[in-house]
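Just below is one structure, and these are the notes that go with it.
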Amino acid sequence: MSALQRDPDRGFPFPAEQRSIAREIYGETKDLPLICMHGHVEPEVFADDIPFADPAQLLIVPDHYVFRMLASQGIEPARLGVPRLDGGPVETDSRKIWRTFCENWKLFRGTPSRYWLEHELVEVFGVDLAPSAETADTIYDQIAECVADPEFRPRALLDRFNIEVISTTDSATSDLRHHAKLAADGLGRRVFPTFRPDAVAYLDRPTWRADIEDLAKLTAIDTTTYDGFLGALRSRRAAFVAAGARATDHGHLLADTTPMEVSAARELYGRVLGGAEPSQAEVDAFAANMLYQMAEMSCEDGLVMQIHPGVLRNHNTAIWETYGADKGYDIPIQTEFTHALRPMLDRFGTDPRFRVILFTVDETVYSRELAPMAGTYPSVRLGAPWWFLDSPEGMRRFREFATETAGFYNTSGFVDDTRAFASIPARHDLFRRVDAGYLARLVLEHRLRLDEAVETAIDFTYNLPKESYPRPS
Amino acid sequence: MSALQRDPDRGFPFPAEQRSIAREIYGETKDLPLICMHGHVEPEVFADDIPFADPAQLLIVPDHYVFRMLASQGIEPARLGVPRLDGGPVETDSRKIWRTFCENWKLFRGTPSRYWLEHELVEVFGVDLAPSAETADTIYDQIAECVADPEFRPRALLDRFNIEVISTTDSATSDLRHHAKLAADGLGRRVFPTFRPDAVAYLDRPTWRADIEDLAKLTAIDTTTYDGFLGALRSRRAAFVAAGARATDHGHLLADTTPMEVSAARELYGRVLGGAEPSQAEVDAFAANMLYQMAEMSCEDGLVMQIHPGVLRNHNTAIWETYGADKGYDIPIQTEFTHALRPMLDRFGTDPRFRVILFTVDETVYSRELAPMAGTYPSVRLGAPWWFLDSPEGMRRFREFATETAGFYNTSGFVDDTRAFASIPARHDLFRRVDAGYLARLVLEHRLRLDEAVETAIDFTYNLPKESYPRPS
Amino acid sequence: MSALQRDPDRGFPFPAEQRSIAREIYGETKDLPLICMHGHVEPEVFADDIPFADPAQLLIVPDHYVFRMLASQGIEPARLGVPRLDGGPVETDSRKIWRTFCENWKLFRGTPSRYWLEHELVEVFGVDLAPSAETADTIYDQIAECVADPEFRPRALLDRFNIEVISTTDSATSDLRHHAKLAADGLGRRVFPTFRPDAVAYLDRPTWRADIEDLAKLTAIDTTTYDGFLGALRSRRAAFVAAGARATDHGHLLADTTPMEVSAARELYGRVLGGAEPSQAEVDAFAANMLYQMAEMSCEDGLVMQIHPGVLRNHNTAIWETYGADKGYDIPIQTEFTHALRPMLDRFGTDPRFRVILFTVDETVYSRELAPMAGTYPSVRLGAPWWFLDSPEGMRRFREFATETAGFYNTSGFVDDTRAFASIPARHDLFRRVDAGYLARLVLEHRLRLDEAVETAIDFTYNLPKESYPRPS
């Protein structure tokens, strides 16, 4: 049985001089509160303070980073308890699922999931054994005991994790009742929603027409016309602002922001609502138009716009039909920003009311497109490394590719982005460590003074995310 | 006269702590047998145990890595003895060719060719002088003496190089007679063929109709119809399996795998066989269809599928017409995988009978496309760094870009890929050294334990290539 | 008040062994003359030996690297004294502009601008205080005193900066009178023009028809036909050669070099000259054709061809209409070279009279496209890292991505590219330092001997740019 690695220097670069300065920088950021301006923890988790279930249901079943790596070696999602949409049989023995995970611990070598899981096991649950066939049951029991304890309920963990604020992500048709309950319980400024209208921006979503009807019901605005639809979105955005929202979020396939002629948008909207099937080109054009419209509304209501483009969702049809979305089969594509964002930035890019934060899973655009745009447009901020890039090498490359042209202060500061609540402290901690290492190198190369590096680290950790996502005034 | 560099620490990173751990890891892999699951050494080299010719004919004339670098400085291929297709005059004085190479040794600074050549000179031929105008003749004589020795014949070198298995690459129309001879000589499990049907997958190859006829002759199947053509390919694949093949190989320009409607494929096949000129779009569509068909046949017969896409061959017409293919004028293009592989992976990607190994010379897809696919699809493995990327910096970037999302165990393990037989040990050795350095960094950053790093290094070197390319059962 | 960083080891990597070797290599290059084969300093600066104005007009107003970073944080160009095209009011108090810059010094953390500015402040103006609100006036006064001194006039600085040769960039319609004056003053071999015909290669430039008329006037050749137009360009090129030019320069959006059918080119040229509006496709086709024509003329007259593709100029219309071009809103796009250059290289790529130097702001092409082409075509050289990539991390990546396939000797050597005359020594110095660090690593990894590294550094700094841009014979 091996002990879990929990070296105090984990995540730092190894050369002694650099490590020593990294430690010093990290020492100034490690205890700062967590600012969580974007994520996918469900609001009911906090609203109802739902206790976590067993270790497998907590750490494996809901985390596609984890079960995808097991699936990649032939362990089907059903064997890991991932529910089937048809309610068909899947593994329900959580201890067995946990064992499968522990037996395959070596698959996580070299991945950020390993770092996060180790951090969670040690820091959150006090486990000090490395997962393996022989330690599986012991670890299972120890975590199970923890999650039965009221101190491990979500609201208690908000304090324990030192989370100052956390945002959920909510569809345009959300009634925000969980957030109303949170507000009633005095947590409204700590946990707040983000407005995500993708489902109504894509004309080919199976749920599109139902969502349009829901929009009408929620807003008492007639959404049978395109103008009514835009009005209803304005109304929903106002409701989100009232519920404390600071931002919108847009998970488009492409970054295109070309507006449609109003007459063409009206015609297309009406035609599809009337039952016509839109072409792929029409779907894409309408989605692009919606980004432009959302930018215009952001100028009006002050919600910060976040764009997360470039992921082809549900790459495998059988997996999607069996298990649904977010099951590890989302694969990035090359993403073009310079042409794509031009219509939006040409119109709103220098407007002092506008703020847009750009995320990518295509690293090639850091130095080529995003840093040059963030380094000149006052409205543009470059988001923190996202998803597959939220990793030690990904973070380092983000800094190395983007900083020289974007500078430090045209970035969003650190933003985590996860469904796995218990992994949030690990993600912030890893970034603080890796970034301290990067900054230490700049100090040693006489590119920054140490006091500047410390200030920059604190800004990126705490001040920049707060300043990048201001509360609409 | 300078001595050749042969420092025992060559290829390792220099920081002392990292080098020390790298040495330790390398110590566990350096003597492992060479698993050579892909390459381009001609089968007759082993079948007939042909002695090597002189130094120029061994190390320069057949190696486009070497003569391209001389050509790039204006030394025409003909001056280096590269044969002209028309039989026109080229330099035949091997000693003179060798001198030209030695005089231009400085052009190889910073290239992997230099590392390989140094390794070959020192380890294979016992040379200890750096090539230069003044050392050219001495070195020439020393190598010439070696190659005259029976211990330097190919079969003897298989043992001396510690090559456990080696694969050749053979066209669909190969009669496999060299492999039959190897089998008769008891070498059939050590040297085996790989099925490469590119020549019949591209309707615009000048040899296409002749190859279709050859297919018919070899299989006694009527290939005048598309269905007969597919049947003949099935038959050839079976013959390759019988000859010990483990894999197919596909050197397509694009990674597209979209299947054609059967009726459309039949019509196009018949039309082109009847003498019609296919359009470029038709050529591409048929090639894409063939990848899909090959995937289907791999499910049936168990041959592992290798895809090597994204190289525009014969970029310069004059060079191609004068000297033929593989003369250094193959230039990579940007390669899209996410959309391109979707049809194939949507159909076969989770089929337990299917295995596909993806290679690229476009590094941008490591973190963006290939690692996410390899990290979730059970059938997909990410191939080792290929061609221009089979180099110290290329290997390091491969690990840094791919590992965090793909993990170590969704890769093929090390695969060399060369026509230059004598360079094979150098290539394996370089990878083992560079990878040991990478793993040592992970150990020092507390991301892997040393015992895990050693196991991972051994797996990548020896176990993973064997496991990634199983013998069809 | 902080002192400016001027550590003698700035720009070197920090590990002690590597730094020590880097120092040794840099010691051999630091005093070499500056070879400035490409840039944008106006020729009248040297012809008329114009004194520099005040610190703001010298270092901020003309330097889009500097004012873009301030603009990105909401400080409008007008507040920094950037002139409006309509002559509207902008800040004219240079001391105030300077203060705004100094107060925002922290925005430059991590950027190469900071390095260059520090170098200029210390080495050129003897300033030893870091810019800040409290030091702004003191620094202003010190620089103002310098620029009033005749020793700070441009011709004096040519000597002080150790500039052996420097090229300006001049439109095809330039009358070259400033260069005539320089020649008359004995500076004709030291300061020479570069031929940049972009304005007449793009049919949609507002100035196109006026430029065509100017060409006719300058050459006394009738440019109302396409053949006359080509003839006039030949004539202008001859005039540039006579004025000492060594190269042409082409800042195209795309790298496409496809020639047009002569008849189609004639028809299009005549139609547009007759007042017709060309389509975007026609504009692009004509621009591509012009690259091909320029390559052909380079074979005739020996001017080296430089291509700087892939930047979408004037991304924001309002900024462009208010302030004009070159105001920080030039954003790179993905750039394809393999297909794009094929027509030109297929025709001229192995012609011993032809030389083309390829620059890029899309790093993804280094290992994928440019290094493979430079590593085989005798005519192709890979240019030094350009624009956003002329930075410590950009230079390091250039070496790491390109060298293994291109080698060192298929590159242009160092080429600066700036409008900011006073920053030229800083740019050369930074490259020499960063490159020494890279070469030191190769030495420590036993990939180069130290004497080879020193020779390579000297070659890249001094010999290669001279050899890459020969004087047409």
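Worth pointing out:
- Quarter the surface of the alpha carbon convex hull of region B:264-356 and you get the mean projected area, 8.0 square nanometres.
- Cα-based equivalent ellipsoid of region C:52-149: semi-axis lengths in Å, sorted from largest, via gyration tensor: 20, 16, 12
- If the chain linking A:Glu44 and A:Met1 were pulled fully straight, counting 0.36 nm for each residue of separation and taking away their Cα-Cα distance, it would gain 11.6 nm.
- Square roots of 5 times each gyration tensor eigenvalue, C-alpha, region B:37-86, largest first, Å: 24, 13, 10
- Theoretical gain in end-to-end length, C:Arg209 to C:Ser20 [0.36 nm per residue, Cα-Cα removed]: 62.2 nm
- Amide hydrogen neighbours beyond the local backbone of C:Thr411, cut-off 5 Å, H modeled: C:Leu382
- Label-point separation, B:Arg266 to B:Glu28 (7 Å along Cα→Cβ), nm: 5.8
- Relative contact order (percent, whole number), region A:52-149, Cα cutoff 8 Å, 6+ residue spacing: 29
- Cα gyration tensor shape of region B:199-299, rounded if a/c is under 1.5, else prolate or oblate by comparing a/b with b/c: oblate
- Rounded to the nearest whole Hz, the Karplus-based 3J(HN,Hα) values (6.51 cos²θ - 1.76 cosθ + 1.60, θ = phi - 60°) of region C:74-87 follow the sequence x, 8, 4, x, 4, 5, 9, x, 5, x, 8, 5, 8, x, with x at glycine and proline.
- Protection proxy ranking, peptides A:428-437, A:444-453, average beta carbon neighbours within 10 Å, highest first: A:428-437, A:444-453
- Given charges at beta-carbon only (K, R positive; D, E negative), |dipole| of chain B in Debye: 420
- Distance-filtered residues of region C:34-51 - backbone nitrogen under 18 Å, label point 7 angstrom along C:Ala184 Cα→Cβ: C:43-50
- Three semi-axes describe the equivalent ellipsoid of region B:308-370; taken as square roots of 5 times the Cα gyration tensor eigenvalues and ordered largest first, they are 31, 13, 9 Å.
- Applying the Karplus relation 6.51 cos²θ - 1.76 cosθ + 1.60 with θ = phi - 60° to region B:279-290 yields 3J(HN,Hα) values of 6, 4, 5, 5, 4, 5, 5, 5, 4, 4, 4, 5 Hz, where x marks Gly and Pro.
- Among beta bridges that DSSP assigns inside chain B, antiparallel share in %, nearest 5: 15
- Tail fraction, Cα-Cα pairs, chain B, threshold 43 Å, whole percent: 14
- Each Lys and Arg adds +1 at its Cβ and each Asp and Glu adds -1 at its Cβ; summed about the Cα centre, region A:52-149 shows a dipole of about 500 debye.
- Residue separation of A:Ala220 and A:Asp326 scaled by 0.36 nm, minus their Cα-Cα distance, works out to 34.9 nm of gained length.
- Other copies of C:Leu254: label-to-label distances in nm, shortest first, labels 7 Å along the beta-carbon direction: 1.7, 1.7
- Counting only DSSP beta bridges with both residues in region C:240-359, the antiparallel share comes to about 20 percent.
- Between the alpha-carbon centres of region B:4-25 and region B:48-108 there is a gap of 33 Å.
- Relative contact order for chain B, counting Cα pairs under 8 Å that sit 6 or more residues apart, in percent: 20
- Counting only DSSP beta bridges whose two residues both lie in the protein assembly as shown, roughly 15 percent are antiparallel.
- Size of region A:136-273 as Cα extents on the principal axes (Å, biggest first): 63, 36, 25
- Region C:204-260 and region B:219-236: distance between their alpha carbon centers, rounded to Å: 58
- Each residue of region A:20-32 was assigned a 3J(HN,Hα) from its phi angle through the Karplus expression (A = 6.51, B = -1.76, C = 1.60, θ = phi - 60°), giving 5, 6, 4, 4, 5, 5, 4, x, 8, 10, 5, 9, 5 Hz with x at Gly and Pro.
- Range of Cα positions in region A:367-431 per principal axis (Å), largest first: 37, 23, 16
- Across the identical copies, the label point of C:Ser473 (7 Å from Cα in the Cβ direction) is separated from its matches by 7.0, 7.0 nm, in order from shortest.
- Note that the protein assembly as shown shows a convex hull volume over its alpha carbon atoms of 182 Å³ per residue.
- Under-5 Å amide H pairs with A:Asp249, H placed in peptide plane, nonlocal only: A:Phe195, A:Arg196, A:Gln306
- Other-chain or far-sequence residues with amide H under 5 Å of A:Leu34's (modelled H): A:Ile163, A:Glu164
Values in this text are rule-based calculations from the coordinates and carry no lab data. Remember, predicted model here, so these are calculated numbers, not experimental data. When we count neighbours, we look across all protein chains shown, and the Cβ atoms used for this are built from the backbone with ideal geometry, even at glycine.
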